[in-house]
Every structure is written in C-alpha cells, then in structure tokens.
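The values are calculated or read from the model by the stated rules, or taken from the named source; none is laboratory data. Only a predicted model underlies this, so the values are computations on that prediction, with no experimental measurement involved. Every residue, glycine as well, gets a Cβ built from its backbone with ideal geometry; the counts of neighbours run over all protein chains shown. What goes into the accessible areas is simple: the full protein's heavy atoms, side chains included, and nothing from ligands, DNA or RNA. Shrake-Rupley method; radii C 1.70, N 1.55, O 1.52, S 1.80 Å.
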Amino acid sequence: MLSLIAKFLKILNSEADPSQISLAIGFALASGFLSFFSPLNLLVLLVVFLLRVNFSAYFLGAAFFSGIAYLLDPLFHSVGLAVLTSPALEGLWTSLYSSTVWRLQRFNNSVVMGGIVLSLLLFLPLVLASNVLVRKYRDHILVWVRKTRLMQLFTASKLYSLYEKLS
Amino acid sequence: MAKWIRWWGLIAFVGVVGIILLFWFVFADGLVRRAVEKTGAALVGAEVDVKNADVTFFPLGIALSGIAVTDPAAPSSNSIELARVAFSLDIMNLLRRKVIINEMSVTGVRFNTHRDKPGFVVRHPETPSARQQQSSLTLPAADLPSAREVLEKEQLGSLKLIDDAAAEVQKKREAWQTRMKELPDKSAIEAYRGRVEKLRAASRSLRLSDAKTFLSDTKNLSGDLKKDLDAVKQTRSTFSSDYASARDIVDRAVRAPQEDLRRIRDKYGLSSTVLQNMSRTLFGGAVTSWIDSGFLWYGRLKPLFAASGEKKGGSTVVKPLRARGVDVRFREERPLPGLLVAVVKASVQPSSGTFSGEIRNITPEQDVLGAPLTFSFAGSGLEETESVKISGMLDHIRPASSTDRVSVSLSGYRASGLPLSGSSDLPVTLQDGLIDVSVKGQYDGKRISAHIAALAHSVRFQAGSQGSPGGFAGAIRSALEKVSSFSLTADIAGTPEKYDVKVTSDLDRVLKEAAGRVLGDKAAAFEKELASAIQARTGDKLKSLQDSLGNMGSLGGKIDGVQEQLNSLLRDATSASGKTKLPF
C-alpha cells in the first residue's frame with residue numbers, strides 16, 4: 001500500500017504534464033470499469049499507447065478502478081439493466097445485437113453495460129477534476145511533500161533510481 | 001499535434017496485443033480446462049475434474065479427456081466419468097457469443113466410479129424428505145405393552161358415556177316415580193271396587209223407584225273408570241316411548257367398552273391394516289428414493305434445457321450460467337440459441353455388449369430453436385442386462401406448458417445386492433434375480449404421473465441378519481426366502497414435493513400371511529387382556545346402569561297393573577248392570 005502511495009506521489013511530483021496524468025486517470029477509469037478482454041478496452045489501450053498519456057498513472061489507476069468496479073457491481077447491474085430495458089433504446093440495442101463486433105463486446109450484459117455507461121459519464125468530469133487537482137497539488141503541496149520523510153526515503157531507493165533512468 | 005502523439009506507442013500496442021494472443025495460444029488448453037471445471041462445478045454442485053483439454057484453432061475444436069464428476073451425495077465417488085468428449089465450434093457464431101456445436105461425441109461413459117480422493121461439494125444435496133424417511137420399512141412392534149400400561153395412558157371414553165347414561169336413566173326413573181303418584185292408587189281402586197259391589201247388591205233387589213238412581217250410578221262409575229283408564233293408557237304410551245329412549249342410551253353405553261377396545265387395540269396392537277400392503281412398505285422407500293434422486297438431477301441439469309428468462313418488452317432477461325449480472329436478449333433476424341448442441345453421440349464401453357445413443361437439441365432456449373430435447377439410448381448383451389431401451393423428450397418450447405416424458409424398458413436385468421430396505425429392524429436386499437422392468441413417466445412442470453411394472457423371477461432375498469429380533473422379522477425373512485418370483489406395479493402421482501406411490505404386488509399375500517401367523521397369537525392375547533381390563537373398569541358401572549334401567553322398567557309393570565285393575569273393574573261394573581232384572 002505504501003508502495004502504491006509512493007508511486008502515485010512520484011507521478012504527481014514528476015515533470016509530467018498534468019494533462020497527461022489526468023487523461024491517464026480518465027482512461028484508467030474506463031479500463032477498470034470495462035471487461036478486461038473486451039474490444040472496447042483494447043481500443044482504450046490503443047489510445048493510451050498512441051497518446052502521450054502517463055503510463056504509470058494509467059496502469060496504477062486501472063488497478064485501482066478494477067477494484068472499485070468489483071465493489072460497484074450491483075450499481076453497474078442496476079444502471080445497465082435500466083438502460084438495456086429502456087423502451088426508447090430498444091431499437092438501438094436490437095440493431096447492435098445483430099452486429100458481431102458489439103456482440104463480442106457483450107454489451108447486452110447488465111454489468112458490462114453499466115460499466116460502459118458509468119465510464120462514459122464519469123470520464124470527462126474525472127479528467128477535468130484530476131487536472132485541476134494535480135495543478136493545485138503542484139502549486140501548494142508539492143514543496144511540503146518533497147520534505148516528507150516518506151518521499152525522501154523513496155527518492156533514495158534503488159527503485160526510484162531505476163525509474164529515473166528509464167523515464 | 002505531434003506533442004500529443006507517440007507513434008512508437010502503436011508498435012508497443014501491437015506488441016502487447018501479440019503477447020496477449022500468444023498467451024491465449026499457449027495457455028488456451030489450461031484456460032478451457034479450468035473454465036469447464038468451474039462451469040461444471042457450478043452446474044452439478046460438486047467438483048468436476050478434467051484431466052486434459054486440447055484446443056485446436058484451425059478448425060476451432062475442443063477435446064476434453066478424463067472428465068470426472070463428483071457425486072455431491074457421496075464425494076468419494078464420481079456420479080459419472082467420461083473418457084473423452086470432443087466437438088468442433090462454429091467460430092463466427094462464437095464471435096457472436098453463440099456456442100453452436102453441431103455434433104459432440106462422448107465416449108467411455110461410466111457411472112458410480114471410485115475417486116482417488118473425495119471431491120469438494122459446492123451445494124450439498126437435500127436431506128431425505130420426511131416422506132422418504134417414513135417410507136423406510138418400519139416393523140410393527142414385536143413386544144406389545146401390557147393392558148395396564150396402556151390403560152394408564154389412555155382415557156376410556158366408555159366410562160364417561162356410562163356415567164352420563166346412568167345420570168340420564170336415573171333422572172328419567174325419578175321423573176316417572178313422581179308421575180306414578182298421579183295414577184289411581186290402592187285406595188282409589190278400593191273405592192271403585194266398593195262402588196261396584198254396591199251396584200251389584202242394588203241390582204239384586206232393584207225396585208222401580210230406584211231404577212233411575214241405579215242407572216245413573218252405573219253410568220257415573222263407568223264414566224269415572226273410563227276416564228282414569230284413558231289417562232293410564234296415555235301414561236303407559238308416554239312411558240313406553242321414554243323407556244325405549246333410556247334403553248337406547250343404555251345400549252350405547254353397553255357397546256362403548258367394545259369401541260374403546262377396538263380403538264386401543266388398533267393403536268397399540270397389531271391391526272390388520274398394519275399387515276396390508278407390505279410391498280408398499282418394502283419397495284416404496286426404494287421407489288421414492290429413485291424418484292427423488294431423479295428429480296435432484298433433473299433440477300441440476302434443468303439450466304441446460306430450460307432457461308428461466310423473463311420477458312421485458314421485446315427483449316428477454318436471462319441469468320447467465322456463470323457471468324455476473326443478467327443478459328438481455330433482443331430480437332434477431334435469424335435467431336439462434338446462445339448454446340446449442342445439435343447432437344450428442346454417446347457410447348458407454350461396458351465389459352460386454354454395447355450401449356449407445358444420442359441426445360438431440362441441448363439448448364436452454366428451446367423457444368428460440370423451436371424443437372424439444374430428445375434422447376434415445378439402447379443397449380444389448382450387457383453384463384447386468386440383456387437389453388435396455390431408454391427414450392424420452394423434454395419439451396420446453398412453451399415454458400408455461402412444458403411436458404417431459406421418459407420411457408425405460410429393461411429386459412433380463414440381473415439384480416444383485418439391490419438394497420430394498422435399510423431399516424435396522426429388517427434390512428431387505430434383493431440378493432439375486434432376473435427382472436423385466438418397464439417405466440413410463442410424465443411431468444408437466446407441476447405434476448408427475450408414472451407407472452412402473454416389474455416382473456421378477458429366479459429371485460433370492462436376504463432379509464435381516466441372523467440376530468434380527470422378534471418373531472415378525474423372522475416370519476418375513478422365512479417367507480421371503482421361499483419367494484422365487486413376483487410381480488410388482490407402482491403408480492406415482494402428485495407433485496415433485498409431495499407425491500404418492502401406490503405399490504401392489506403378489507408379494508403382499510405371501511408376506512401378510514407370514515406376518516399374520518406370527519402376530520395373530522400375540523394380538524389375540526393382547527386383545528383378551530385389554531378386554532378384561534376394560535371390563536374390570538366398566539363392569540360394575542354397567543351392571544348398576546342396567547339395574548337402574550330394570551327399575552325403570554318395573555314402573556311400566558306397575559302402570560300395567562293399574563290398567564288391568566281398572567279394566568277389570570270396568571268389566572265388573574258393566575256386568576253388574578247387565579245382570580239386573582228390572583221390575584217391570
């Protein structure tokens with residue numbers, strides 16, 4: 001746990017652009033909420049690789065949001081079922097149901113659909129909010145964090161040296 | 001723009017996807033094996049092992065070998081073992097998440113095999129129902145309680161009835177004793193007699209001047225006598241009716257001890273009903289156990305042929321077998337079920353003979369396919385059976401009016417060590433025998449109806465151990481030892497939770513006679529002792545009641561006496577006036 005916090009602080013304290021970090025958090029949310037081996041998740045992964053988003057933030061966030069998704073299964077189910085059984089959307093779902101790509105996505109499962117819907121709804125607000133928070137953090141808290149014992153210990157570690165070399 | 005794009009990321013992505021695909025190719029066998037084991041365990045409720053899985057990609061096919069399904073009721077054995085299951089998959093339909101298997105071959109099927117180590121159980125099977133427990137062989141108690149012990153526990157209804165009757169008779173008797181005082185008593189009779197004598201005397205020396213008075217006195221006397229006589233007759237009639245009612249009450253009270261005797265004897269003794277339908281007692285438990293076991297497996301396998309979908313508008317909400325949440329199914333242009341095994345060709349490899357068959361249309365969505373699941377198996381020259389035919393149909397095309405039918409025909413089934421009753425009182429095993437059995441059953445989703453007919457010959461029963469207590473067990477044992485053939489029919493009707501099994505067999509007569517011989521003497525002795533104990537308690541009261549009725553009856557005699565005397569006086573008065581010689 002300490003290691004995870006340290007890694008996250010390291011990312012926040014790095015020279016990475018706040019937009020790259022916040023975008024990574026947004027994509028991490030989508031990856032965590034979607035099924036791991038689904039076409040949509042592969043698309044998200046492609047975007048993450050293509051755009052200059054922060055990898056560390058993405059993978060760390062994906063692990064975090066996967067855990068959250070597990071806890072939110074009942075919410076996903078309720079939201080997904082409501083959306084899938086909405087009479088207004090029945091025509092759309094019926095046409096998607098005939099498409100192999102969408103069937104592969106398994107969009108007609110209530111938990112999967114709930115994950116898709118909540119990812120779409122939360123993506124933009126989360127990106128914007130995290131962008132603001134990262135900027136505020138760097139402006140106001142970073143100096144104090146650098147002086148913390150935990151951060152000093154971490155920056156003195158071999159793992160940090162290795163990361164410094166690779167990044 | 002270039003600031004935001006990293007082209008080398010595309011290569012990295014291809015690399016990552018390649019690694020994932022490579023992972024799938026390398027570990028596909030293990031992943032499929034684990035998926036089958038997990039799905040199987042969820043379905044059956046116990047550990048399912050797959051020794052090996054072989055996935056081929058071009059064309060896509062799967063071959064599983066060494067499948068062992070743990071029996072949830074006996075985890076140290078497998079309920080079924082399959083040497084090899086192989087099938088190919090339609091890849092385009094698979095991409096659309098439809099598992100369509102045109103033909104599946106299953107070979108090397110074996111039942112009830114031993115496991116090296118017990119398998120885990122996910123869902124323990126239901127404990128035997130109360131119905132099943134009741135159907136195990138319960139012998140009538142060989143030692144009956146003493147009459148004294150029984151009467152300490154039982155209340156005699158006859159005692160109250162006799163007391164009530166005594167009170168009623170006494171009340172009636174006392175009422176009549178009071179009413180008797182209203183009848184002409186001895187002095188009144190004497191007064192009448194005096195008047196008659198006076199008339200007689202007057203008639204002998206009657207003068208003309210007295211004739212008018214004489215006639216008037218005669219008329220008055222006759223009138224008085226007739227009036228009293230009518231009143232006495234009316235009283236006699238009322239008394240007769242009242243007495244008949246009292247006699248009925250007393251008769252009921254007299255019969256009551258016999259009714260007590262019958263009731264207590266049937267409760268504690270060995271009534272004939274206990275000895276009736278011994279075959280139901282003997283075979284009912286086994287039949288019930290087979291039916292319950294059949295329904296247990298029917299329930300477990302039901303998700304394979306009957307989905308429990310819920311219609312919502314134009315879509316159907318279905319709970320998938322393993323995945324989380326629910327699947328919502330929408331209309332398709334060319335509808336196909338999510339899972340369909342068009343044909344399963346199965347062959348068992350017995351030590352001798354052949355046994356094979358096929359199952360068609362395994363799908364949880366029969367309504368989509370529009371065809372029911374059918375199965376048909378046949379075997380001949382088997383080690384245990386000369387020939388066997390099993391066929392049936394599970395029709396759930398319209399779930400609201402589903403119909404399941406099964407027909408089994410076994411010819412020359414060599415029964416060996418077939419347990420019929422596990423009762424500790426009298427365990428019965430069909431040691432050897434050749435049996436022809438025919439079973440026809442139907443289930444409409446609510447009610448079962450089935451008929452079983454069996455004809456057994458060359459049979460040898462083993463009933464009870466040498467140390468089995470009681471003469472009853474001994475009698476049954478010796479009777480069964482002499483049986484060499486029997487026929488049996490069983491009719492089952494009701495719901496899966498509560499059904500009735502009616503068993504009839506020519507064994508009934510044999511067993512009833514044997515049991516009756518042993519139990520007859522004991523039952524007679526118990527009944528005799530009970531009768532005398534009841535007599536001891538009720539005898540005095542009954543005698544007193546009957547005396548009381550006798551006393552009441554004697555009042556009738558008294559009324560008759562008064563009536564007779566009045567009649568006699570009336571006759572005398574009439575004759576006195578008739579013999580009178582008038583003086584003109």
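Inspect all residues belonging to region B:150-161 and state whether any of them is hydroxyl-bearing (Ser, Thr, Tyr) and open to solvent by less than 80 Å² (accessible area, probe 1.4 Å). Within region B:150-161, one or more residues are hydroxyl-bearing (Ser, Thr, Tyr) and open to solvent by less than 80 Å² (accessible area, probe 1.4 Å).
Residues checked against (1) open to solvent by 40 Å² or more (accessible area, probe 1.4 Å); (2) within 30 Å of residue B:302 (Cβ to Cβ):
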{"site": "B:21", "(1), (2)": "yes, no"}
{"site": "B:25", "(1), (2)": "yes, no"}
{"site": "B:32", "(1), (2)": "no, yes"}
{"site": "B:39", "(1), (2)": "yes, yes"}
{"site": "B:42", "(1), (2)": "yes, yes"}
{"site": "B:47", "(1), (2)": "no, yes"}
{"site": "B:52", "(1), (2)": "yes, yes"}
{"site": "B:55", "(1), (2)": "no, yes"}
{"site": "B:60", "(1), (2)": "no, yes"}
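Could you list, in sequence order, the residues of region B:96-110 that are open to solvent by 30 Å² or more (accessible area, probe 1.4 Å) and within 14 Å of chain A (Cβ to nearest Cβ)? Scanning region B:96-110 gives B:96, B:97, B:99.
Per this entry, residue B:26 is not counted among residues that are part of a helix (DSSP H, G or I), out of contact with any Asp or Glu (no Cβ under 8 Å at 6 or more places or on another chain) and within 14 Å of chain A (Cβ to nearest Cβ).
Scanning region B:80-95 for residues that are surrounded by fewer than 17 Cβ atoms within 10 Å (Cβ to Cβ) and within 14 Å of chain A (Cβ to nearest Cβ) returns B:91, B:92, B:94, B:95.
To keep it simple, each residue is scored yes or no on (1) in contact (Cβ under 8 Å) with a residue 40 or more places away in the chain; (2) farther than 22 Å from residue B:567 by Cα; (3) open to solvent by less than 80 Å² (accessible area, probe 1.4 Å); (4) touching a His at 6+ places or on another chain (Cβ under 6 Å).
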site	(1), (2), (3), (4)
B:185	no, no, no, no
B:214	yes, no, yes, no
B:217	no, no, yes, no
B:221	yes, no, yes, no
B:243	yes, yes, yes, no
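In region B:527-571, the qualifying residues are those that are touching a Phe, Trp or Tyr at 6+ places or on another chain (Cβ under 9 Å) and under 30 Å from residue B:147 (Cβ atoms), and the one that is most open to solvent (accessible area, probe 1.4 Å) is B:549.
Conditions tested, residue by residue: (1) farther than 29 Å from residue B:332 by Cα; (2) among the aromatic types (Phe, Trp, Tyr); (3) within 14 Å of chain B (Cβ to nearest Cβ).
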residue: A:71; (1), (2), (3): yes, no, yes
residue: A:87; (1), (2), (3): no, no, yes
residue: A:93; (1), (2), (3): no, yes, yes
residue: A:100; (1), (2), (3): no, no, yes
residue: A:108; (1), (2), (3): no, no, yes
residue: A:142; (1), (2), (3): yes, no, no
residue: A:149; (1), (2), (3): yes, no, no
residue: A:154; (1), (2), (3): yes, yes, no
residue: A:158; (1), (2), (3): yes, no, no
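The rows are residues; the columns are (1) closer than 30 Å to residue B:298 by Cβ; (2) modelled with pLDDT of 85 or more; (3) surrounded by fewer than 18 Cβ atoms within 10 Å (Cβ to Cβ).
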residue: B:455; (1), (2), (3): yes, yes, yes
residue: B:462; (1), (2), (3): no, no, yes
residue: B:482; (1), (2), (3): no, no, yes
residue: B:490; (1), (2), (3): yes, yes, no
residue: B:496; (1), (2), (3): yes, no, yes
residue: B:506; (1), (2), (3): no, no, yes
residue: B:518; (1), (2), (3): no, no, no
residue: B:525; (1), (2), (3): no, no, yes
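Does residue B:407 fit the bill of being more than 20 Å from residue B:80 (Cβ to Cβ), hydroxyl-bearing (Ser, Thr, Tyr) and surrounded by fewer than 18 Cβ atoms within 10 Å (Cβ to Cβ)? When the stated conditions are applied, residue B:407 passes them. Residue B:17 falls short on exactly one of the conditions (1) within 14 Å of another protein chain (Cβ to nearest Cβ); (2) in contact with a Gly (Cβ under 8 Å, 6 or more places away or on another chain); (3) of a type in the set (Val, Ile, Thr), and that condition is (2).
Only one of the listed residues (B:398, B:300, B:360, B:329) is open to solvent by less than 40 Å² (accessible area, probe 1.4 Å), basic (Lys, Arg) and either under 41 Å from the mean Cα position of the chain (by Cα) or within 14 Å of chain A (Cβ to nearest Cβ) (or both). That residue is B:300. The single condition among (1) away from chain A (no Cβ under 14 Å); (2) modelled with pLDDT under 85; (3) at negative phi that residue B:45 does not meet is (3).
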